[in-house]
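Reviewing the structure listed below.
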Amino acid sequence: MSDIKFSVITVSLNSENDIEKTIISVASQNYPNKEHIVIDGGSVDATVDIIRKYDDKISFWVSEPDSGIADAMNKGISYATGDYLLFINSDDYLINENVLKNIFESVQERLDYYIFKVHSVYPDNKTRLLPNNDFSFATNFKMRSCHQGHVISRKLFKHYGGYDCSFRIGMDYEFVLRVLRQGIKSRSVDLVISGMGQAGISSRKDWAGLEQRFMDERKAQTKNCPNIVFAALYLIYWHLYIAYRKISHVFQKDHI
């Protein structure tokens with residue numbers, strides 16, 4: 001049985017070093033009811049040549065300028081026809097050929113939001129298992145999971161809209177908060193489905209990169225703040241959290 005269709009959406013920009021691995025990881029899936037949609041932002045390196053090489057393996061692709069990651073993901077959503085969407089970008093990959101089959105076996109309840117495990121993959125090929133926590137009270141402050149592990153019902157995007165293009169990197173967290181406020185629950189699954197590389201902007205560990213992430217998280221919380229109590233909690237949280245992160249960042253630099 002393969003009555004559930006999966007849409008794997010890949011966004012890319014100048015990804016000649018990574019995108020072939022991404023495409024092959026999707027093409028090699030032994031689950032038949034799938035589509036791979038690639039949205040390239042107008043790459044000027046060999047990325048488009050690589051995409052063309054696998055034209056018969058890709059359901060739809062386009063290469064044109066966009067206004068950022070959220071805009072590219074929204075384009076992918078607009079072309080998707082699957083029941084569930086996965087975002088596996090050009091620095092990421094599905095870890096083996098059984099991933100979609102294993103996901104299919106895990107989503108038989110047809111819930112709207114599943115969260116699987118992800119490996120963070122470093123240049124020396126060492127990996128670190130990232131958390132895949134369910135939506136909870138703590139999600140109001142941090143997402144506590146990785147977008148490459150999210151398997152999302154397409155109808156959520158139809159009901160609540162796509163990703164907010166005003167966010168540079170925090171659009172996934174903003175969407176999580178948006179659906180959380182609507183009472184959507186998630187189900188975490190003890191299964192690793194993808195590897196996440198370190199080329200993406202959200203993987204930056206310098207202070208400027210961290211500040212961008214914090215700014216987007218705070219913006220997402222402000223946009224989806226339900227009441228004055230949460231407004232006060234957020235004020236206290238960010239006062240303490242930024243101080244803590246500054247201290248820990250300096251400590252880490254001093255011990256490199």
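Odds and ends about this structure:
- In the set Ser43, Ser7, Ser15, only one residue is part of a strand (DSSP E or B), among the small types (Gly, Ala, Ser), within 23 Å of Asp172 (Cβ to Cβ) and at pLDDT 95 or above; that residue is Ser7.
- Looking only at the stretch 30-39, and only at residues there that are out of contact with any Phe, Trp or Tyr (no Cβ under 7 Å at 6 or more places or on another chain) and within 19 Å of Val11 (Cα to Cα), the one that is surrounded by the most Cβ atoms within 10 Å (Cβ to Cβ): Ile39
- The stretch 59-171 holds no helices (runs of 4 or more DSSP H) entirely within its bounds that carry 3 or more residues that are in contact with a Cys (Cβ under 8 Å, 6 or more places away or on another chain) and small (Gly, Ala, Ser).
- Scanning the stretch 18-34 for residues that are outside any loop (DSSP other than H, G, I, E, B) and touching a helix residue (DSSP H, G or I) at 6+ places or on another chain (Cβ under 9 Å) yields a total of 8.
- All positions within the stretch 46-58 that are in contact (Cβ under 8 Å) with a residue 24 or more places away in the chain and either in a loop (DSSP other than H, G, I, E, B) or in contact with a strand residue (DSSP E or B) (Cβ under 8 Å, 6 or more places away or on another chain) (or both): Ala46, Thr47, Ile51, Tyr54, Lys57, Ile58
- The stretch 76-106: number of residues that are out of contact with any Gly (no Cβ under 6 Å at 6 or more places or on another chain), under 22 Å from Arg178 (Cα atoms) and crowded, with 19+ Cβ neighbours inside 10 Å: 8
The values are calculated or read from the model by the stated rules, or taken from the named source; none is laboratory data. Here the structure is a predicted model, which means the values were calculated and not measured. Note: ideal-geometry Cβ built from the backbone for every residue, glycine included; neighbour counts use all protein chains shown.
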